[in-house]
1. Give the Rg/Rh ratio for the chain, taking Rg as the radius of gyration of the Cα atoms and Rh as the Kirkwood radius, to two decimals.
2. Put a dot 7 Å past each Cα toward the Cβ at ILE68 and SER43; how far apart are the dots in nm?
3. In a GNM of the chain with a 10 Å cut-off on Cα contacts, which of LEU41, LEU60, LEU30 has the highest mean-square fluctuation?
4. How far, in degrees from 0 to 90, does helix 50-68 lean away from the longest principal axis of the Cα atoms of the chain, to the nearest 10?
5. If each residue of separation counts as 0.36 nm, what is the full-extension length gain between ASN54 and LYS76 once their alpha-carbon separation is subtracted?
6. What is the angle, in °, between the Cα long axis of helix 20-33 and the longest principal axis of the Cα atoms in the chain? Nearest 10 is fine, range 0 to 90.
Amino acid sequence: MITLDDDIIQINIGKKGITDEIIEEVAKMLNKRKIVNVKLLRSAIEGKNRNEINDMLETLGKKSEAKIGKKVTTDKPRGFKTTYRIEKK
């Protein structure tokens, strides 16, 4: 699910977790908007500890970066939400 809030896109990740489609969408929105919020829904994190959740968010940033070929900065996760930005040169 994608929501728009003050020109910042939020992508919600559910029970399927981080799929190729999510990576594609994050990369596409980063190219278009330069900033994307990602939120892990409760169904995406069931049974996972804090380190596993942080690893999921970090992995998504790295895979998106590889997909678009630009440096992506990942903000420190706040709860189950983080922000990805294309790094300015």
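Laboratory data are not the source of any read-out in this text; all were calculated from the coordinates shown. What you see is a predicted model; the values in this text were computed from it and never measured. Here Cβ is always computed from backbone atoms with ideal geometry, including for glycine, and neighbour counts include all displayed protein chains.
1. Dividing the radius of gyration by the Kirkwood radius yields 0.93.
2. 2.7
3. Looking only at LEU41, LEU60, LEU30, the biggest GNM fluctuation is shown by LEU41.
4. 30
5. Here the answer is 7.0 nm.
6. Orientation of helix 20-33: about 40 degrees from the principal axis.
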